[in-house]
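What follows is one structure encoded as structure tokens, with my remarks underneath.
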Amino acid sequence: MRMAKYANAGELRTSVKFTKIERTKDADGYPVEVEVEVLKTKCKWVNVHGTEVFTAMQQQLREPATITMRYSPLINQKLIIYKGKDTEPYEVISIDDIEDLHKWLEIKVQRKSEAE
């Protein structure tokens, strides 16, 4: 049986880093937020194109893309994503555990807005 969505090993060539915000206290005891790395991996990264661009514009998405990667239980909606050496983060729109097999994830992302 062939899965509906997957990526060939050769397509997993884009480096991504997943981070999360942890609240802690600084040396003086004041609360601070620190970005902590959760996972670094390779994925298939596809920017929207064709008619998807118009749908994205209607939904007011910023630079939407789809990531296909091997399954990891560490991935969740609250994570921040960095593509390669890009310093501007992306945020998760949705996560699909393809066919609930815990083999592949398809993650819809968009550029994180400046206001957040």
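The values are calculated or read from the model by the stated rules, or taken from the named source; none is laboratory data. Bear in mind the structure is a predicted one, so any value in this text is a computation, not a measurement. Because the Cβ atoms are built from the backbone with ideal geometry, glycine has one as well, and the counts that use them run over all protein chains shown.
In the range 54-109, of all residues being of a type in the set (Val, Ile, Thr) and in a helix (DSSP H, G or I), the one that is modelled with the highest pLDDT corresponds to ILE98. For ASN47, the criteria (1) at pLDDT 95 or above; (2) under 13 Å from the mean Cα position of the chain (by Cα) hold in every case but one, which is (1).
Matching residues to (1) part of a helix (DSSP H, G or I); (2) out of contact with any Gly (no Cβ under 7 Å at 6 or more places or on another chain); (3) surrounded by 10 or more Cβ atoms within 10 Å (Cβ to Cβ); (4) modelled with pLDDT under 90:
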| site | (1), (2), (3), (4) |
| --- | --- |
| GLY10 | yes, yes, no, yes |
| SER15 | no, no, yes, no |
| GLY29 | no, yes, no, no |
| VAL34 | no, yes, yes, no |
| VAL38 | no, yes, yes, no |
| THR41 | no, yes, yes, no |
